[in-house]
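The values are calculated or read from the model by the stated rules, or taken from the named source; none is laboratory data. These numbers come from a predicted model, not from an experiment. Glycine also receives a Cβ, built like all others from the backbone with ideal geometry; neighbour counts cover every protein chain displayed. These area figures cover heavy atoms from the full protein model, side chains too; ligands, DNA and RNA do not enter into them. Shrake-Rupley method; radii C 1.70, N 1.55, O 1.52, S 1.80 Å.
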Amino acid sequence: MTSHVHHVTIDCADAYELGSFWARVLGGSLADDDLPGDPEALLETPGAALLFVTVPEPKRTKNRVHFDVMPDRTRDEEVERLLALGATVVGDHRRPNGRGWVTLADPEGNEFCVECGAEERARLTGTRRPVTADDVTATVALCVETLGAAADRDWHVPAGDLTWDCWETVDHLQDDLFSYAVQLAPGTPSLETHVPYHWAPRREGGPWNAVWADPETGVAGLLKTVETGGALLSAMVRTTPPATRSFHSYGPSDPEGFAAMGIVETLVHTQDVAAGLSLTWAPPQDLCDRVLARLFPDAPEDEDRWAVLLWCTGRTALPGHERRTSWKWRGAPPEEAPQA
């Protein structure tokens, strides 16, 4: 057995004040029972749990350990935001080619560095931006918010062009998210078959599920199962080693691949249901572009990446491209995919 890091503990003059600064930096919040003047304050974020502890000794020298933060926006935009929150510049290591970082200090003088954001890093290095656990969480949240607005409508109408109704389609979606999560769960995932749950339909021509939403709980309950499946998949993608491979009927895949599959299932089935319920659904272009790059690397380069994803999954035509009648994604990591 081994140990794991429970908290990163930071000695400081005022735990609540410094914890509040870092909560604004990281987009989190302190524990509900933390109050001004308390000797400790806990900030839990998806990446780390930070425990701030008030001590009498002042900071005397440069930290031997520091945080490197990667913003959702550009590095320079984040630097300006953090300066407005109370940080100060310690060292500017930005380079003429756009690379580099800025070293800041928090209000108590603890140094930390602001790196380039993921998008600008990919642009500068010419690499593909990954699909992440956070993307799964955000996509499922958008789906639930959109479909929840139509909870009072008739969910037994057809979902777009599918032979399933809207309820069945979302029930299939939550099962997909669950199934992708459990494929990553075994200590040694199989490369030959699914985890042995029992899949079966509830009617001829209906979806084959291993888990089902309880119809008695209504649409709210159904959407709760989507949230739960998304949370399970996000957790497994976040914690499974990247080198792990597991079975999928289109070929073994890695955690990022299962994340991308779950996102595509969520995006296109939300579109199916939105069509049936007369809702507007337009997911972020950047998200569509990244799942296309991961699962459909040969997709057309049309500017509207959502339209391209709909074409790739057989739901629409594109200029110069007839609607597909069959399709599959490429689940293998790009470096392992067979070359044409």
*Could you list all residues from the range 123-154 that are over 25 Å from Trp208 (Cα atoms), hydroxyl-bearing (Ser, Thr, Tyr) and part of a helix (DSSP H, G or I)?*
Thr125
*For the range 135-162, what are the residues that are among the small types (Gly, Ala, Ser) and over 13 Å from Lys224 (Cα atoms)?*
Ala138, Ala149, Ala150, Ala159, Gly160
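Conditions tested, residue by residue: (1) in a loop (DSSP other than H, G, I, E, B); (2) at pLDDT 95 or above; (3) under 12 Å from Val219 (Cβ atoms).
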| residue | (1), (2), (3) |
| --- | --- |
| His156 | yes, yes, yes |
| Leu162 | yes, yes, no |
| Val170 | no, yes, yes |
| Leu173 | no, yes, no |
| Leu177 | no, yes, no |
| Tyr180 | no, yes, no |
| Tyr197 | yes, yes, no |
| Arg203 | yes, yes, no |
*Single unsatisfied condition, Gly218 versus (1) outside any helix (DSSP H, G or I); (2) out of contact with any helix residue (DSSP H, G or I) (no Cβ under 8 Å at 6 or more places or on another chain); (3) surrounded by 12 or more Cβ atoms within 10 Å (Cβ to Cβ)*: (1)
*Glu57: touching a residue at least 40 places away in the same chain (Cβ under 8 Å) and more than 30 Å from Leu232 (Cα to Cα), yes or no?*
yes
_Long-range neighbours under 7 Å by Cβ, at least six apart or interchain, first residue within 11 Å of Gly19 (Cβ to Cβ) within the range 30-46, second among the aliphatic types (A, V, I, L, M) and in a loop (DSSP other than H, G, I, E, B)_ = Leu42/Ala31
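Hey, can you tell me all the residues within the range 198-249 that are among the aromatic types (Phe, Trp, Tyr) and under 23 Å from the mean Cα position of the chain (by Cα)? If you could, list the steps in order and put the result at the bottom.
Of the range 198-249, the ones among the aromatic types (Phe, Trp, Tyr) are 199, 208, 212, 247.
Passing the criteria: only Phe247.
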_the range 198-215, residues that are open to solvent by 50 Å² or more (accessible area, probe 1.4 Å) and in contact with a helix residue (DSSP H, G or I) (Cβ under 7 Å, 6 or more places away or on another chain)_ = Trp212, Asp214
*Being within 24 Å of the chain's Cα centre (by Cα) and modelled with pLDDT under 95, is that true of even one residue in the range 305-324?*
no
*Using beta carbons and a limit of 6 Å, which pairs, at least six apart or on different chains, have the first residue in the range 208-223 and within 12 Å of Val170 (Cβ to Cβ) and the second one surrounded by 15 or more Cβ atoms within 10 Å (Cβ to Cβ) and of a type in the set (Asp, Glu)?*
Asn209/Asp175; Ala213/Asp171
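Identify the residue in the range 35-65 that is hydroxyl-bearing (Ser, Thr, Tyr) and more than 28 Å from Asp134 (Cβ to Cβ) and, among all such residues, is farthest from the chain's Cα centre (by Cα). Step through it out loud before you land on a result.
From the range 35-65, those hydroxyl-bearing (Ser, Thr, Tyr) are 45, 54, 61; that's our starting set.
Okay, now just the ones that are also more than 28 Å from Asp134 (Cβ to Cβ), so 54, 61.
Values: Thr54: 34, Thr61: 38 Å.
By that ranking, first place goes to Thr61.
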*Would the range 111-120 turn up any residue that is at pLDDT below 95, crowded, with 17+ Cβ neighbours inside 10 Å and among the acidic types (Asp, Glu)?*
yes
*Search the range 300-319 for residues that are more than 16 Å from Ala275 (Cα to Cα) and pair each with any residue that is of a type in the set (Asp, Glu) and in a helix (DSSP H, G or I) when their beta-carbon atoms are under 7 Å apart and the residues are at least 6 apart or on different chains.*
Arg305/Asp289
*Identify, by number, the condition in (1) more than 21 Å from Val144 (Cα to Cα); (2) under 22 Å from the mean Cα position of the chain (by Cα); (3) modelled with pLDDT of 95 or more; (4) not basic (Lys, Arg) that Pro297 doesn't meet.*
(3)
